[in-house]
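Here is the structure we will look at, set down as structure tokens.
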Amino acid sequence: MNNSKYDFLKKQMKGNYRYLFTAIFFILTGSFFSFLGPKLIGVAVDSIIGTKPFDLPVFITDIIGRMGGREYFIRNIWIVILIFIATKMVEAFCEFSRLHASNYLGENLGYNMRQSIFERLQSATFEYHKGIYTGDIIQRCSTDIDTVRMFVLEMTDIIRVIAKIVIAYWFMTGISLPLALISFTTVPLVTAFSVYFTGKIQKRFLAADEAEGELQSRVQENLSAPRVVRAFGKQKQERDLFEKGNNLFTDMWTNMGNLMAWYWAIGDLLPVLQVILVLSSGTYFAVKSLITPGEIISFMVYNNMLAWPIRSLGRIVGNMAKATVSLGRINEVYNAPQEDYETGEKFDIKGDIEFRDVHFSFGKQKIFDGLSFTVPAGQTVAILGASGSGKSTILALLARFYNVESGSITIDGVNVQDINLHTLRQNVGIVMQEPFLFGKTIRENISITDRKPDMDRIIQSTEIAQVHRSITNFEDGYDTVVGEKGVTLSGGQKQRVAIARTLYSGAKVLCFDDSLSAVDSLTDANIRKELHKRVEGITTIIISQRVNTLMEADKILVLDQGRIVQEGTHDQLANQPGIYREIVKIQSDIIEQTKQEAKG
């Protein structure tokens, strides 16, 4: 476990050390009292039933003498029983207090880790999120965090085990040093055995943990797109793929289980061998009168009490291997590249945009090689182009989801790299082609950026987006719960609610990434009409394949393989050879053909 992992745990332990130290205190106290019982049994056998002088500290022996010595305890044997019960009650109270403190330690630590990871994910870069699977992240933020949390609780068990071993051998050496040394010989053997298995367990657990993440990702994908799976009849294919991943996952955990079976079987055998060794040696010492019957009873009780702590060393070391793997996977998320929301200029954005000689690539795929264009504040620019030509990437670069390789993108003359990210994204509102809605009410979805929603603004936004009437027709109106990812709404309704959400945010630059594709032409025209009428001074970028949507723009850009091949108004481009005129002709022919078929 490297220092960075320790640093992460130290941060999460903030405010929890009091619970850790409280648990340790009661561990040490409880461990001491747990070993007083066998001592009392030995003293009772040798010095009350037998005649051996009391083998106790001097001040306790003096008290016993003043009380009447051995004869007094024979007459009042209930006192011995009462003392024994009292030690067990103190031990039980210490155990309760230890578990109480450990419970708070574990739950608070789990809370801190979950909160920290979630906050880091919120500010992780867009590029990082595109390269991960949701199911894998969920697995790291649930199973892995729980593994680490449980191991930190077991760290108190490490102290408990060590305390019991030290206290036990302190009592045992007081009875018989040679027998204590014989008993201790198995401890290094168990430790060495545990260390040997740790490496094997760690590698197999990592592979199994990653397989679980992949399996969760496949389940998450299927739950996210059930309509797609059924629409294309992919149920059998998805079942086969899941079965393949499930078999791999099962085999890995079966192999892990087989390894752990050997681990526990041998781990259980070693304490048994220790008991046999100590019992044989103790019997020999008793025959030679080197140890009394009471002492051998006490010693054997102590030795049996050591079986659990010694065996626990193996369990703790095995779980340490799992926790190390889990902590490493959590750290990968915690150390994800972060966006900087603190620095940068904050100012009132007007919306004057310029792309100047922009170069950008996705991996080895070149997207833009010197892209340049301007969008004056308050104007509407439309972008047309084939799939993969870079239309959506323009919006992603403008909002700084990605950073350009060279060249610059400026808003009001300020490079977007130098604008505070909160300021930039509050003022660059993007409506995606496939909008995401939270499983909340329509009102909450639209006012997601406002803790105190303004109902008048909400209605104004939905009226512009041509969705107000649809919402009021719902039984619960604006309090209608849209369900996960807006499943209760149609595609067009989801897009219009998303448009209303962006309008409500008050962004000075509105970007529509083919976000009117799911609405009919009339609704499309009405939305654009209301935008022109009610939203003045707003810079607008519209990506669309519909000529009717593009034609009213102040300027149209035609993209082809990352380059602007045509630029101008609708009338200019429609009257010159090129891609735009071809698309106008194709769409006009389709409309005319549809009309003819309707007449026929």
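The values are calculated or read from the model by the stated rules, or taken from the named source; none is laboratory data. These numbers come from a predicted model, not from an experiment. Reconstructed Cβ throughout: ideal geometry from the backbone, glycine too, with neighbour counts over all protein chains shown. SASA here: full protein model, heavy atoms, side chains in, ligands and nucleic acids out. Shrake-Rupley method; radii C 1.70, N 1.55, O 1.52, S 1.80 Å.
Restricting the search to region 555-579, which residues are open to solvent by less than 80 Å² (accessible area, probe 1.4 Å) and not in a strand (DSSP E or B)? Across region 555-579, the qualifying residues are 562, 569, 570, 573, 574, 576, 578, 579. Within this structure, residue 146 fails the test of being open to solvent by less than 40 Å² (accessible area, probe 1.4 Å) and of a type outside the set (Gly, Ala, Ser). Quick check on region 516-537. Is at least one of its residues modelled with pLDDT of 85 or more and either small (Gly, Ala, Ser) or open to solvent by 50 Å² or more (accessible area, probe 1.4 Å) (or both)? Taking every residue of region 516-537 in turn, none turns out to be modelled with pLDDT of 85 or more and either small (Gly, Ala, Ser) or open to solvent by 50 Å² or more (accessible area, probe 1.4 Å) (or both).
If you go through region 401-415 and pick out every residue that is in contact with a helix residue (DSSP H, G or I) (Cβ under 6 Å, 6 or more places away or on another chain) and either open to solvent by 40 Å² or more (accessible area, probe 1.4 Å) or not in a loop (DSSP other than H, G, I, E, B) (or both), you end up with 2.
Of all residue pairs spaced 6 or more apart or on separate chains, those with beta-carbon atoms under 6 Å, a first member in region 425-444 that is in contact (Cβ under 8 Å) with a residue 40 or more places away in the chain and of a type outside the set (A, V, I, L, M, F, W, C) and a second member that is open to solvent by less than 20 Å² (accessible area, probe 1.4 Å) and in a helix (DSSP H, G or I) are 429/502; 435/495; 435/498.
Put simply, of 257, 314 the only residue that is open to solvent by less than 30 Å² (accessible area, probe 1.4 Å) and modelled with pLDDT under 80 is 314.
For the condition in a helix (DSSP H, G or I), at pLDDT 75 or above and touching a Leu at 6+ places or on another chain (Cβ under 9 Å), residue 278 qualifies.
Residue 290 fulfils the conditions (1) assigned to a helix (DSSP H, G or I); (2) surrounded by 13 or more Cβ atoms within 10 Å (Cβ to Cβ) except for a single criterion, (1). If the condition is being among the hydroxyl-bearing types (Ser, Thr, Tyr) and crowded, with 17+ Cβ neighbours inside 10 Å, then region 176-196 contributes 176, 183, 186, 194. When the residues of region 389-400 are narrowed to those that are part of a helix (DSSP H, G or I) and open to solvent by less than 30 Å² (accessible area, probe 1.4 Å), which ends up nearest to residue 496 (Cα to Cα)? Among them, the one singled out is 395.
There is no residue in region 355-365 that is open to solvent by less than 10 Å² (accessible area, probe 1.4 Å) and either on the phi > 0 side of the Ramachandran plot or at pLDDT below 85 (or both).
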